[in-house]
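Student: The structure that follows is given in the form of structure tokens.
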Amino acid sequence: RTMELLHCSLFAVLSALSVFYALVKVSLGYWKRRGILHLKPKFFWGNLKGVVNGKRHFQDVLQETYSAYKGRAPFVGFFAFLKPFILVLDTELVNRILSTDAGYFTSRGLYSDASGEPLSANLLQLNGHKWRHLHAKSVEIFTPTNIHKLLPRVVQIYSRIQSDLGQSNQQTRNISELVDVYNTDVLASMAFGLDGQDQEEFAHWTRCYWGNFSLWRAYLALEFPFIARLLQYKSFAEPAMAYFQKQALAQLQEQRDRDRQPLQTFLQLYSYADHRLDDLQIAAQAFGFLLAGLDPLNATLGFCLYELARQPQLQDRAREEIRKTLEQHEAQLTGDCLRELIYTKRVLNETLRLHTPHPFLLRRTTKEFEITRSVFVIARGNNVLIPTAAIHRDPEIYTNPERFDPDRFEEDSRRSRSAGTFLPFGDGLRGCIAARFAEQSLLVGLVSLLQHHRYAPCAETTIPMEYDTRRLLLIPKGPIKLSVERVD
């Protein structure tokens with residue numbers, strides 16, 4: 001009897017393993033069956049072997065694939081575990097997907113659950129008609145006029161950097177920590193309407209809202225969203241979400257109890273919009289700012305100072321422009337003043353090119369899309385990967401791409417490049433709706449950091465730069481530390 005049970009159990013296990021093996025092989029044969037050029041997948045891992053355990057960065061895989069296959073086809077097949085993706089290699093096709101024919105690619109394919117996790121109903125995560133409805137109402141918020149209205153508050157926050165750095169002749173500073181303090185203040189103020197006394201707890205929750213994040217669980221939620229919602233899967237730590245939701249709703253109520261104030265935050269802009277969202281929707285957008293913005297802002301300012309510290313002649317040139325421009329505007333950092341910082345803007349763009357915070361963009365085909373002048377069709381439901389960081393490091397587009405050279409963004413050089421070759425904020429319908437605000441904040445931050453202080457490598461500076469392989473974003477592996485000196 002015991003042997004019979006053992007045989008039955010063994011048969012059941014072998015049968016289950018056989019079914020699992022067959023399902024994996026069928027899934028990983030997707031591109032082969034369609035006759036699409038693809039990177040040969042490893043069993044179960046697809047093309048992500050070494051990424052999940054942190055031995056290599058996802059960007060390294062994208063860069064290798066892009067370099068190996070570019071020119072052979074407009075795209076290649078790619079697998080994230082068992083999930084097939086289209087990895088786009090042709091910049092003309094990139095431009096069509098993001099801009100010209102963006103109507104075929106209005107979904108990102110990210111997971112959200114508005115009923116179980118209300119703050120996930122933000123512009124970054126939503127898809128389909130819910131995203132369209134929200135996007136249509138949000139467009140009126142992010143106009144150049146409204147972004148300009150927020151400038152005085154951003155300048156006020158960043159101006160405290162100079163007093164924080166102090167008057168000492170030379171010191172070693174943790175630059176990553178420094179810029180995080182001020183970018184957190186900017187988002188706390190601009191997105192959630194908080195002022196100084198409320199921001200210590202806010203900063204705490206910005207560092208732990210991912211909770212016990214698992215790439216496996218996130219992958220399964222993307223692959224089986226209906227089941228994830230049934231099982232009440234949460235993308236973020238519930239205490240953090242409760243805190244952010246409470247703060248946003250409290251600030252909205254407080255605004256109503258006060259007389260109408262000058263428009264200095266996105267919370268106010270949403271509240272007074274012609275096509276108003278309900279309070280919970282506005283809270284979700286506030287969290288969306290934090291989710292999409294804080295890490296890229298921190299990384300970009302840190303990387304920028306790191307590169308300028310290594311090339312002091314470029315740093316001096318940017319500082320000289322900043323000082324002359326401020327002198328012409330009576331030391332007032334206005335919108336006109338920012339527009340005249342031509343070289344500083346080039347420095348910022350070159351940082352975003354070399355250290356692109358979001359190394360890829362995601363899209364999902366919402367209806368069948370035929371690629372012109374080819375036999376290829378992108379089927380409805382196909383997931384699309386656009387390797388922005390790999391494009392930004394393509395030597396055929398940017399000569400000697402590993403070199404930091406702001407003059408790549410001199411006007412004639414910029415115009416010589418085709419669309420789809422510089423995408424730090426994405427582009428088109430699903431590009432970053434707050435790109436103007438992000439650029440404005442980064443420029444104000446650079447002005448405050450560079451105006452009276454010089455940065456140089458020190459004994460604790462990591463050279464060459466290393467990225468954190470545990471993150472999908474391009475983030476420094478450890479804190480950026482530099483020598484800081486007051487200059488007058």
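Student: At pLDDT below 95, open to solvent by less than 10 Å² (accessible area, probe 1.4 Å) and either within 23 Å of Asp185 (Cβ to Cβ) or part of a helix (DSSP H, G or I) (or both), is that true of Leu267?
Tutor: yes
Student: Only one residue in Glu201, Glu223 is over 20 Å from the mean Cα position of the chain (by Cα) and farther than 17 Å from Tyr111 by Cα. Which one?
Tutor: Within the list Glu201, Glu223, the selection yields Glu201.
Student: Only one of Phe369, Phe422, Phe409 is touching a residue at least 24 places away in the same chain (Cβ under 8 Å), open to solvent by 40 Å² or more (accessible area, probe 1.4 Å) and in contact with a helix residue (DSSP H, G or I) (Cβ under 8 Å, 6 or more places away or on another chain). Can you tell me which?
Tutor: Of Phe369, Phe422, Phe409, the one residue that is touching a residue at least 24 places away in the same chain (Cβ under 8 Å), open to solvent by 40 Å² or more (accessible area, probe 1.4 Å) and in contact with a helix residue (DSSP H, G or I) (Cβ under 8 Å, 6 or more places away or on another chain) is Phe422.
Student: Looking at segment 422-455 only, could you name the residues that are in contact with a Cys (Cβ under 8 Å, 6 or more places away or on another chain) and more than 19 Å from Glu307 (Cβ to Cβ)?
Tutor: Scanning segment 422-455 gives Phe425, Gly426.
Student: From (1) closer than 30 Å to Arg34 by Cβ; (2) among the charged types (D, E, K, R); (3) buried (at least 19 other Cβ atoms within 10 Å of the Cβ); (4) touching a Lys or Arg at 6+ places or on another chain (Cβ under 9 Å), pick out the condition that doesn't hold for Arg380.
Tutor: Condition not satisfied by Arg380: (3).
Student: For segment 425-440: of the residues being within 25 Å of Thr334 (Cβ to Cβ), touching a residue at least 12 places away in the same chain (Cβ under 8 Å) and not in a loop (DSSP other than H, G, I, E, B), which is most open to solvent (accessible area, probe 1.4 Å)?
Tutor: Once the filter is applied, the top-ranked residue is Arg436.
Student: Can you tell me which residue is farthest from Ala299 (Cα to Cα) among those in segment 155-194 that are among the acidic types (Asp, Glu) and modelled with pLDDT of 90 or more?
Tutor: Within segment 155-194, the match that is farthest from Ala299 (Cα to Cα) is Asp185.
Student: Continuing with this model, one more query. Give segment 317-363 a look and list any residue that's open to solvent by less than 30 Å² (accessible area, probe 1.4 Å), under 30 Å from Leu62 (Cβ atoms) and not in a helix (DSSP H, G or I), or say none.
Tutor: His355, Thr356, Pro357, Pro359, Leu361, Arg363 - these are the residues of segment 317-363 that are open to solvent by less than 30 Å² (accessible area, probe 1.4 Å), under 30 Å from Leu62 (Cβ atoms) and not in a helix (DSSP H, G or I).
Student: Quickly run through segment 292-332 and pick out the residues that are of a type outside the set (A, V, I, L, M), at pLDDT below 95 and under 15 Å from the mean Cα position of the chain (by Cα).
Tutor: Once the filter is applied, which keeps residues that are of a type outside the set (A, V, I, L, M), at pLDDT below 95 and under 15 Å from the mean Cα position of the chain (by Cα), segment 292-332 yields only Gly293.
Student: Go over the candidates Asp90, Asp101, Asp113 one by one and state the one that is surrounded by 15 or more Cβ atoms within 10 Å (Cβ to Cβ), more than 22 Å from Phe376 (Cα to Cα) and of a type in the set (Asp, Glu).
Tutor: Every option except Asp113 fails the conditions.
The values are calculated or read from the model by the stated rules, or taken from the named source; none is laboratory data. Values in this document were obtained by computation on a predicted structure and should not be read as measured data. For neighbour counting, all protein chains shown are included, and Cβ atoms are generated from backbone atoms with ideal geometry for every residue, glycine included. Ligands, DNA and RNA are excluded from the accessible area calculation, which covers all protein heavy atoms including side chains. Shrake-Rupley method; radii C 1.70, N 1.55, O 1.52, S 1.80 Å.
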